[in-house]
Amino acid sequence: MEKRKNVIMDMDGVIYTEMGLLEGAADFINYLRSNGYKFLFLTNNSRHTPLDLSKKLASLGIEVKPERIFTSAIATSMFLNRQKKGGNAYVIGDAGIYDALHSVGYQVTEFNPDYVVVGETRSFSFEMIEKACNFIIEGAKFIVTNPDLTGPKEYGIVPAAGSLACPIERATGIKPYFIGKPNPLMMRTALRKLDSHSENTIMIGDRMDTDIVSGIETGLETILVLSGVTGRGDLKRYPYQPNRVCNSVKDVLEILKKSHTRSGLSRSGMKPGK
C-alpha cells in the first residue's frame, strides 16, 4: 500500500452514515491530503450535486471541493455526451442528474426524447412511469444512473434507482443500461477524472456487490470496510474477495501510517517527524 498514491472511496458507509461522521474519517481525509495522495469520492447516488455533497461533508467537519466528488449522475451525463452530443432526455430524478445533464449541454424534455434517464428521486409517480414507457416504446434509449435497488436509512431502506426502473422495464420488456458501479465504465471514468491508473489506485468501499467488484474488475487494489452495509459474515457468499478487510477507515489510516513508518519516508519525501 505504501507504493500507491491515489484513493477512490465510496461515501455513505465509508465516511458517514445517517447517524453522522464515522470515527476516524476526518483524520483519514486529512492524512491523505497532507501526505500527497490524490483522492476522489465515488458515489452511486445521483440525487445530489457535488456541491450539495461538498456542503454536507463540510457540515460534518470535512472540507472537500466539489471537484473531488464524482457521482453516477456525472458519469451518466459524460456517457450520454459521448454517445450523442447535444441530445435530450426525459428524466426521472432529482437535482443531481438534472445539473449533470445541463452541464454537458443536454436538454431535459417531454417531447420526443433521445433517452429516458432514471435516477434516485423521492418524487415518483404513475404518470412518470407511463411517460417513460411510451417514450421507450417510441424509440428512446433506456438509461439508469445505477443498479442499486435500495439505499441505507437509519431505520429501514429507501428504494434506489434500480428499483424505480423496474416497473418501466417490466412494462416495456426493454432492459436499461446501468451506468454506475459495478459497471467498470464508472470506475474508468473516475480514474480519468483523477488522472490516475488502476495500478497505483486503491478502492475503498462498504459494498461487495458494487464497490469491491467494480474495483476488482478495473484492476484496483480493494479494501472493504465493515462500517456500512456489509458484515464480515457476508464475505463467504461472494466468489470474489477484497485484498483487505478493515473495520473502518480508521483502521485503513493505521495501516497507511505503519507503511510509511516502515518505508521511512512520508508522501512528501521528508523523514518522519521533519
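Any read-out appearing in this document is the output of simple, stated calculations on the displayed coordinates, not a laboratory observation. None of these values were measured; they are calculated from a predicted model. Note: ideal-geometry Cβ built from the backbone for every residue, glycine included; neighbour counts use all protein chains shown.
Sorting the segments 230-237, 48-55, 215-222, 68-75 by their residues' average number of neighbouring beta-carbon atoms within 10 angstrom, most packed first, yields 68-75, 215-222, 48-55, 230-237. Bins of 10 Å, beginning at zero and ending with the bin holding the largest distance: percent of Cα pairs per bin for the stretch 74-178, please. For the stretch 74-178, the binned pair fractions read 16, 51, 28, 4, 0 percent. In this rough spin-label picture, where each label sits 7 Å from Cα along the Cβ direction, the N200-L149 distance is 4.1 nm.
When the chymotrypsin sites (Phe, Trp or Tyr not before Pro) in the stretch 173-266 are filtered for DSSP coil states and for at most 13 other beta-carbon atoms within 10 Å of their beta-carbon, the remaining sites are Y240. For the listed peptides 86-99, 123-136, a ranking on the average number of other beta carbons within 10 Å per residue, highest first, reads 86-99, 123-136. Taken over the chain, the ratio of Cα radius of gyration to 2.2 N^0.38 Å equals 1.04. Measuring r between the beta carbons of S259 and E23 and using R0 = 30 Å, the FRET efficiency lands at 0.90. Against the main long axis of the alpha-carbon atoms of the chain, helix 184-194 sits at an angle near 60°.
Taking amide H atoms as placed 1.01 Å from N in the peptide plane, the amide H of N45 lies under 5 Å from those of S72, each 5 or more residues away in sequence or on another chain.
The HN-Hα couplings worked out from phi for the stretch 13-20 by the Karplus form 6.51 cos²θ - 1.76 cosθ + 1.60 (θ = phi - 60°) are x, 10, 9, 8, 10, 5, 7, x Hz, whole numbers, x standing for Gly and Pro.
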